[in-house]
Amino acid sequence: MIVLEGLSKHYGDLRAVADLSLKVRPGEIYALLGPNGAGKTTALRCLATLLKPTSGTASVGGADVRHDPLRVRSRIGFLSASMGLYERLSGRELVEYYGRLQGLGEERLKERVDELVALFGLEDFSARFCGKLSTGQRQRVALARAMVHDPSALILDEPTHGLDVLSGETIYRFMAQERDRGKAILFSTHQMAEVELLADRVGVLSHGRLVAEGTAEGLVQRTGAGSLAKAFLTLMEQNGHRPVGREFRNEENGSPEGGVE
Ligand SMILES: Nc1ncnc2c1ncn2[C@@H]1O[C@H](COP(=O)(O)OP(=O)(O)O)[C@@H](O)[C@H]1O
Ligand SMILES: [Mg+2]
């Protein structure tokens with residue numbers, strides 16, 4: 001179980017995450033939605049023990065990020081676009097390197113890396129330097145690295161960002177399979193379609209606060225919107241967010257272009 005309890009993270013005067021509490025059960029996929037700057041990455045990085053909370057805490061399977069960060073790390077697989085790959089290692093070498101850091105013995109490591117290469121379809125490029133891979137290939141290597149120790153909780157920050165449909169599908173299938181194996185999965189995204197496809201529950205962040213939580217259907221019903229995308233926009237407006245940039249207006253009648261209804 002992933003638990004966030006009153007988690008706050010301040011950068012100077014900025015409250016990036018403010019009193020955030022949520023739970024993700026084993027066998028559950030929880031999607032974190034929110035506009036740019038809402039605090040999703042900050043919250044996930046606190047959970048992954050890469051940032052220290054200002055107050056409150058988080059835990060994975062009872063291990064606390066403040067008191068037991070090494071145990072938390074052994075239980076989570078963390079994927080984030082901000083984590084680079086070593087450009088001068090091959091994909092296979094990179095995954096092996098992380099496996100050794102996680103304490104896998106050489107025999108088990110070889111088996112596990114073979115499994116991951118097959119699982120994420122890395123066969124054609126696992127011997128190439130990471131620096132020479134495409135975005136989708138890099139993401140699949142990064143995911144294999146994050147999963148090398150078969151962690152019980154997955155923390156994925158925009159896992160399909162910048163990926164084509166096929167690479168995205170590989171990741172969806174993997175997430176669904178891991179949920180069925182009883183893992184707790186917390187991920188952030190801007191893609192409503194993947195939330196509808198995968199998420200058992202959704203939390204919406206605005207200015208670091210959880211402003212709505214429930215099933216996708218529940219959020220649609222509660223906001224009286226016709227779709228999850230519209231429910232999200234309604235919640236954003238209720239919390240003072242507006243589309244960024246100038247307003248697109250039709251000069252003649254003053255109504256928005258494109259006829260948003
Ligand atoms: N290292 C940092 N130092 C100062 N401010 C930061 C830092 N990282 C993020 N922020 C700010 O914290 C807020 C939340 O950012 P972030 O967690 O990246 O949001 P999201 O992932 O939802 O887009 C933003 O206002 C961002 O500018
Ligand atoms: Mg982010």
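Work out the charge dipole of the chain with +1 on the Cβ of Lys and Arg and -1 on the Cβ of Asp and Glu about the Cα centre, then indicate which of Leu32, Gly168, Ala146 is farthest towards its positive end.
Ala146
Provide the percentage of antiparallel DSSP beta bridges, counting only those with both residues in the chain; round to the nearest 5.
Beta bridges within the chain, antiparallel portion: roughly 50 percent.
Compute the distribution of all C-alpha to C-alpha distances in the range 147-186, in bins of 5 Å from 0, and list the percent of pairs in each, rounded to whole numbers.
Going out from 0 Å in 5 Å bins, the range 147-186 shows 6, 23, 30, 24, 13, 3 percent.
Quick one: dipole size for the chain, taken about the Cα centre, charges +1 on Lys/Arg Cβ and -1 on Asp/Glu Cβ, in debye to the nearest 20.
860 debye
Kindly provide the helix-only [θ] at 222 nm of the chain, computed as the sum of -39,500 (n - 2.57) over DSSP H runs of four or more divided by all residues, to the nearest 500 deg cm²/dmol?
Value at 222 nm, helices only, nearest 500: -10500 deg cm²/dmol.
Return an integer: the convex hull volume of the alpha-carbon atoms of the range 107-175, in Å³ per residue.
90 Å³
Can you bin the range 1-78 into rounded, prolate or oblate? Criterion: square roots of the alpha carbon gyration tensor eigenvalues sorted a ≥ b ≥ c, rounded for a/c under 1.5, prolate for a/b above b/c, oblate for the rest.
oblate
Under a point spin-label approximation (7 Å from Cα along Cα-to-Cβ), what is the Ala127-Glu196 distance to one decimal in nm?
4.4 nm
Suppose every K and R has +1 on its Cβ and every D and E has -1 on its Cβ; what is the size of the dipole of the range 38-164 about the Cα centre, in Debye to the nearest 20?
Dipole magnitude for the range 38-164 comes out near 460 debye.
Check the straight Cα-Cα distances from Lys183 and name the lysines below 29 Å, setting aside those fewer than 8 residues away within the same chain.
Result set, ordered by chain and number: Lys9, Lys23, Lys40, Lys52, Lys110.
Any number yet on Rg/Rh for the range 102-224, C-alpha, Kirkwood?
1.03
What's the exposure ranking of Met83, Met147, Met236, going from fewest to most Cβ atoms within 10 Å?
Result, fewest neighbours first: Met83, Met236, Met147.
Once every Cα of the chain carries one equal point scatterer and solvent is ignored, give the base-10 log of I(q)/I(0) from the Debye formula at q = 0.10, 0.11, 0.13 Å⁻¹, two decimals.
-0.54, -0.64, -0.87
In vacuo Debye scattering of the range 38-112, one point per C-alpha: log10 I(q)/I(0) at q = 0.12, 0.24 Å⁻¹?
-0.42, -1.11
Every number in this text was worked out from the coordinates using simple rules, so none of it is lab data. It should be emphasised that the depicted structure is a prediction, and the values quoted were computed from it without experimental measurement. Methodologically, a virtual Cβ is constructed for each residue, glycine included, from the backbone with ideal geometry; neighbour enumeration extends over all protein chains shown.
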